[in-house]
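Colleague: I have a structure I would like to understand better, so I am pasting it below and will then ask my questions one at a time.
The values are calculated or read from the model by the stated rules, or taken from the named source; none is laboratory data. This structure is a prediction, so every number in the text was calculated from the model and none was measured. Cβ: placed from backbone, ideal geometry, glycine included. Neighbour counts: every protein chain shown.
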């Protein structure tokens, strides 16, 4: 295994550690962490559009990549908005963040975005693009996003069970990091 081939795993781990460190240093709670990872969901969607575009195998049912891209944006975008609305109702007042958050969030958000771009360039363009159709590329984000978001829902449930907000936020961020790294590593082993 070369350094280049492990670069996406390192980038994903570092980005999540930057998110954890920023959250700890800034004293973020669950609302702030959820907003950060919601920004990451949007980045995953943008990367998926590039995966749809660069997948080399023929698409399903003769649909064009443009059609699949539009369908993906509509479906994934709606799912992200609905997810944000559901989580904001679960988090309630914890959804509100201080204005300073918007100045600080771009540090870990940019790290997470860069990690996904590195994974796209190193893994998808070099290896996976030849193996998947544009339809399969359209489904790739769901296989990773859904399990990674499970810790968010668990943390919200723990928070509603009167677990201290800081403990729920830490558990959430650690769970998300472990799930993100583990699922990405498993996908690399198994292929797309």
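Colleague: Regarding segment 63-73, can at least one residue be identified that is assigned to a helix (DSSP H, G or I), over 14 Å from the mean Cα position of the chain (by Cα) and modelled with pLDDT under 75?
Modeller: Here is the first cut: in segment 63-73, the ones assigned to a helix (DSSP H, G or I) are 65-73.
Filter again for over 14 Å from the mean Cα position of the chain (by Cα), leaving 65-73.
Restricting the remaining residues to those that are modelled with pLDDT under 75 gives 65.
Looking through segment 63-73, at least one residue is assigned to a helix (DSSP H, G or I), over 14 Å from the mean Cα position of the chain (by Cα) and modelled with pLDDT under 75.
Colleague: Residues to consider are 110, 33, 91; find the one that is assigned to a helix (DSSP H, G or I), closer than 23 Å to residue 179 by Cβ and modelled with pLDDT of 85 or more. Spell out the reasoning first.
Modeller: Details: 33 fails: modelled with pLDDT of 85 or more; 91 fails: modelled with pLDDT of 85 or more.
Going through 110, 33, 91 in turn, just one is assigned to a helix (DSSP H, G or I), closer than 23 Å to residue 179 by Cβ and modelled with pLDDT of 85 or more: 110.
Colleague: Right, here's the next one. Would you check if residue 132 is in contact with a strand residue (DSSP E or B) (Cβ under 7 Å, 6 or more places away or on another chain) and modelled with pLDDT of 85 or more?
Modeller: Spelling it out, residue 132 is indeed in contact with a strand residue (DSSP E or B) (Cβ under 7 Å, 6 or more places away or on another chain) and modelled with pLDDT of 85 or more.
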